[in-house]
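Engineer: Pasting a structure here, questions to come.
The values are calculated or read from the model by the stated rules, or taken from the named source; none is laboratory data. Small disclaimer: the values here were computed from a predicted structure and weren't measured. Note that we place each Cβ from the backbone using ideal geometry, even for glycine, and neighbour counts take in every protein chain shown. Each accessible area value is taken on the protein alone, full model and side chains, heavy atoms only, with ligands, DNA and RNA left out. Shrake-Rupley method; radii C 1.70, N 1.55, O 1.52, S 1.80 Å.
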Amino acid sequence: MTEGRRGRQLTAKWQTFKGLTPALKSLIGLSFVVALGSYMVTPFIGVLMVQAVGLDIRVAGSLVAVATFIQFGGSILGSTVVDRLGLKRTMVLALTLRTAGLVLLGLAVVAHWAAYPAVVLVAAGPALYLPANKAYIVTSVSDELRPLFLGVSSAALNAGMGIGPLLAALLIDADPVLLLVGLAGLFALITAAHQITLEPVECRSAAPPAVPGTGTATGKRAALRGALRPVLFTALAFYLYFFFQSFMGLYAAGVSDIQVLGWVMLLNCAMVVLLQPPLADRIASADYRLLVAGSFGLMALGMAGMALGGLLALLAGTALFTLGEIFLFLRCDLELVDRVPGNPTLAFGVQRLAAGVGGLLAGVVGGFLFAHYESAGDLGTFWLAVAGQCAGAALLALLLAGRRRPAVPEPVAAGTVAAP
């Protein structure tokens, strides 16, 4: 009976995928290619700044921190840009900015001044692109299907994030300039593909204010006040995640081989691809406080495992860390969309602003921590310091996260894909 029910559920989901509009199918596929190209350079920014451009590791860490803040914190402007340009044109503009940034980043290898505007442009592209990308998906499907398709979108992005570093690790030592210029050409093609294949869609109109008799601005402020806890835990999640993303390359280069980064990122992203979509509904309905605390606990165990060093320890630690990431990040997305109703672009902009604050702190704190343990010849303790912070976040979640039942799905908007 159970197997039959699961079979029917899989068949229903497959029919749902078949029923997607060509534009939405195209966007999910292009999301993979965007992430593939992006993550052929993003995890290596610190390595490029130190080894190719020649910056001091503390300066490079601070530059990565600023770039991370722009990439995530700048997304709060996405709602304003989307209001003016629409979702499709916002994504095309964002990809154009990233293309220009990659050209300048290639130039920075021989002209160091170009590194600063290059990093700003490379970061500004995702700041606008990802909120518009997720809002396009949320706008195109029913609320009932929101967890599934946010999980599918995340899987597409993570598939590219996993394969990209593995490819780049094989190429970056040969000729970083050629790699960056080639990526600029790839992003020019991706930009054209978005322009050709996507159809303009309208964001769902804002929901009525929560308090009768209040204006829309007051309703938005009230919704944002209700989202403070998810914003806090989103910032903490990304603060801890960016220790992993920003410093794993430098750690791998210091204790083993830069190519180890490719395998670590491949495992991280493959787990998200394989596990998050089928677990999406359970993640959406789980007890919020226990899920958040448990996720941070898994991250702490993973970071502690990485401190042992060696490929097997790094892979085992990454697996535990990724389990926490799978549960935590999707639930943070769902909570924010739930608590800022009717405006998914604003919700994802707020989410990425919180992520930007977390990433900025991780870059600054991590740069100095990494330099300290590197000079002491004890890089493994760097991960123990991060594991302690993960454990502290788990305790904070137990105290502050509270409980929240999933919201009742709203009526399906016209033109959206409904559940079969």
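Engineer: Among the residues of the range 311-319, is any without any contact (Cβ under 8 Å) to a residue 40 or more places away in the chain and touching a helix residue (DSSP H, G or I) at 6+ places or on another chain (Cβ under 8 Å)?
Structural biologist: In the first step, residues of the range 311-319 are kept if they are without any contact (Cβ under 8 Å) to a residue 40 or more places away in the chain; the result is 312-313, 316.
Narrowing the set further to residues that are touching a helix residue (DSSP H, G or I) at 6+ places or on another chain (Cβ under 8 Å) leaves 313, 316.
For the range 311-319, residues without any contact (Cβ under 8 Å) to a residue 40 or more places away in the chain and touching a helix residue (DSSP H, G or I) at 6+ places or on another chain (Cβ under 8 Å): present.
Engineer: Moving to a separate point now. Which residues, counting only those in the range 41-60, are open to solvent by 20 Å² or more (accessible area, probe 1.4 Å) and not in a helix (DSSP H, G or I)?
Structural biologist: Matches in the range 41-60: G54, L55, D56.
Engineer: Please determine, by comparing only the residues of the range 61-75 that are over 15 Å from the mean Cα position of the chain (by Cα) and surrounded by fewer than 24 Cβ atoms within 10 Å (Cβ to Cβ), which one is farthest from A127 (Cα to Cα). So that I can check it myself, show each step before the final result.
Structural biologist: Pass one, the range 61-75, residues over 15 Å from the mean Cα position of the chain (by Cα): 61-66.
Going one step further and asking which of them are surrounded by fewer than 24 Cβ atoms within 10 Å (Cβ to Cβ), we end up with 62-63, 65-66.
Values: S62: 18, L63: 16, A65: 14, V66: 13 Å.
For the range 61-75, the residue satisfying everything is S62.
Engineer: Look at V81 and say whether it is in a helix (DSSP H, G or I), more than 26 Å from L266 (Cβ to Cβ), in contact with a Leu (Cβ under 7 Å, 6 or more places away or on another chain) and without any contact (Cβ under 8 Å) to a residue 60 or more places away in the chain.
Structural biologist: yes
Engineer: Then there's this: Taking the range 320-333, which residues are open to solvent by 20 Å² or more (accessible area, probe 1.4 Å) and in contact (Cβ under 8 Å) with a residue 60 or more places away in the chain?
Structural biologist: Taking the range 320-333 and keeping what is open to solvent by 20 Å² or more (accessible area, probe 1.4 Å), we get 320, 323, 327, 329.
F329, the sole residue that qualifies.
Engineer: Taking into account only those residues within the range 355-365 that are open to solvent by 10 Å² or more (accessible area, probe 1.4 Å) and in contact with a helix residue (DSSP H, G or I) (Cβ under 6 Å, 6 or more places away or on another chain), which is modelled with the highest pLDDT?
Structural biologist: L361
Engineer: From the list L27, L48, L10, pick out the single residue that is of a type outside the set (F, W, Y), closer than 27 Å to S154 by Cβ and at pLDDT 80 or above.
Structural biologist: Numbers: L48 fails: at pLDDT 80 or above; L10 fails: at pLDDT 80 or above.
When all the criteria are applied, what remains is L27.
Engineer: Can you name every residue in the range 140-181 that is of a type outside the set (A, V, I, L, M, F, W, C), farther than 27 Å from L104 by Cα and open to solvent by 10 Å² or more (accessible area, probe 1.4 Å)?
Structural biologist: First, the residues of the range 140-181 that are of a type outside the set (A, V, I, L, M, F, W, C): 140, 142-144, 146-147, 151, 153-154, 158, 160, 162, 164-165, 173, 175-176.
Next, only the ones that are farther than 27 Å from L104 by Cα stay: 140, 142-144, 146-147, 151, 153-154.
Matches in the range 140-181: S140, D143, E144, R146, P147, S154.
Engineer: Okay, moving on. Filter the range 80-96 down to the residues that are surrounded by fewer than 22 Cβ atoms within 10 Å (Cβ to Cβ) and of a type outside the set (V, I, T) and list them by number.
Structural biologist: D83, R84, L85, G86, K88, R89, L93
Engineer: Which ones in the range 261-284 are among the polar types (S, T, N, Q) and closer than 9 Å to I326 by Cα?
Structural biologist: Answer for the range 261-284, where residues must be among the polar types (S, T, N, Q) and closer than 9 Å to I326 by Cα: just Q276.
Engineer: May I ask you to list the residues in the range 287-313 that are over 20 Å from F382 (Cβ atoms), part of a loop (DSSP other than H, G, I, E, B) and open to solvent by 50 Å² or more (accessible area, probe 1.4 Å)?
Structural biologist: none
Engineer: Another question about this same structure. Please state which one of A316, A284 is open to solvent by 10 Å² or more (accessible area, probe 1.4 Å), of a type in the set (A, V, I, L, M) and either touching a Phe, Trp or Tyr at 6+ places or on another chain (Cβ under 6 Å) or at pLDDT 90 or above (or both). Write out each step before concluding.
Structural biologist: Working: A284 fails: either touching a Phe, Trp or Tyr at 6+ places or on another chain (Cβ under 6 Å) or at pLDDT 90 or above (or both).
The conditions single out A316.
Engineer: Which members of the range 366-396 meet the condition of being surrounded by fewer than 18 Cβ atoms within 10 Å (Cβ to Cβ) and within 24 Å of F233 (Cα to Cα)?
Structural biologist: F368, L384, A385, G388, A391, G392, L395, L396 - these are the residues of the range 366-396 that are surrounded by fewer than 18 Cβ atoms within 10 Å (Cβ to Cβ) and within 24 Å of F233 (Cα to Cα).
Engineer: Let me ask something else. Being more than 17 Å from the chain's Cα centre (by Cα) and at pLDDT below 80 is true for just one of L121, L180, L167. Which residue is that?
Structural biologist: L167
Engineer: Condition first: touching a Pro at 6+ places or on another chain (Cβ under 9 Å), open to solvent by less than 10 Å² (accessible area, probe 1.4 Å) and at pLDDT 85 or above. Can you find one or more residues in the range 246-253 that meet it?
Structural biologist: No, the range 246-253 has no match at all.
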